[in-house]
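Report on the structure given below.
Only the coordinates and a few stated rules stand behind these numbers; no lab work does. Here the structure is a predicted model, which means the values were calculated and not measured. Virtual Cβ from ideal backbone geometry, glycine too; neighbours counted across all protein chains shown.
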Amino acid sequence: MYAILVIVGLVAGLLSGSVGFGGAMLVIPVITYMFGVEQAVPASTIAQLMSNLSRIVIGWKSIDWKAVGYFLILAAPLTALGALGFAEVPAKPMTVALCVFLIIFAIWKLTGNKELPRRKGTMIIGGGVTGLINGLMGISGPLSSAVFLSWNLQPVAYIASEATAAATMHVIKAVIYNKLSLIDLDILTKGLTVGTSMIVGNIIAMHFIGKIKNKVYKRIVASVMILACIALIITTLR
């Protein structure tokens, strides 16, 4: 069981360390299949927090604190609100709707040089939507990535800045889940196992992404976003 969690964590770390998202989209379905969704969301939150903290450390000097600050203005409180009600909301239709939106956005990027406007409002509103969905469903990486891509950051800066915002949201969720008694020693152990493996994957991935040209990198991220969202829709509708 733990060998499977280690392998899944490593692959998830390579993915999230390369494009800034995808870890939860891999970890949550696996843990849900093995142990149920009640354990999957809290355990994934712990693992993702560890993964994001490692990306922060690796890319510390490249973090765009202004972008992170704008993003968290609404993301922080709405993450807390979403976490308080994550068990009450029908996740399937929300997941499918989110994925459809992100596929359209990714295709839009691939077919031209169009971007979300590089404005403070984009970061603030995008952060609020991301925080609410993150708290409710535990999966919001592609959405936060789309928001941070609008800030036109270099690959390492984009990964580290998005990770800083994500880590903050995961801390908020972990505190609330703990208050609601949703985290016990067993869940904590599973989260730490996956998280440790994700850190290794992050270190490997972030060693290489700094060598990729920004325009090429954005196209890679958009392509992975499409594939990840299609896979998540298929998994959700089964």
- Picking from Tyr158, Tyr33, Tyr177, which is most flexible by a Gaussian network model of the chain using Cα springs under 10 Å? Tyr33
- Hey, can you rank 13-22, 227-236 by average C-beta count inside 10 Å, highest first? 13-22, 227-236
- Item | Projected-area average for segment 2-237 over all orientations - Cα convex hull basis, square nanometres | 11.0
- Sum of -39500 (n - 2.57) over DSSP H runs of 4+, divided by residues of the chain (222 nm, nearest 500): -28000 deg cm²/dmol
- Note on the structure: For Lys190, counting only lysines whose alpha-carbon sits under 23 Å away and dropping same-chain residues fewer than eight positions off, the answer is Lys173, Lys179
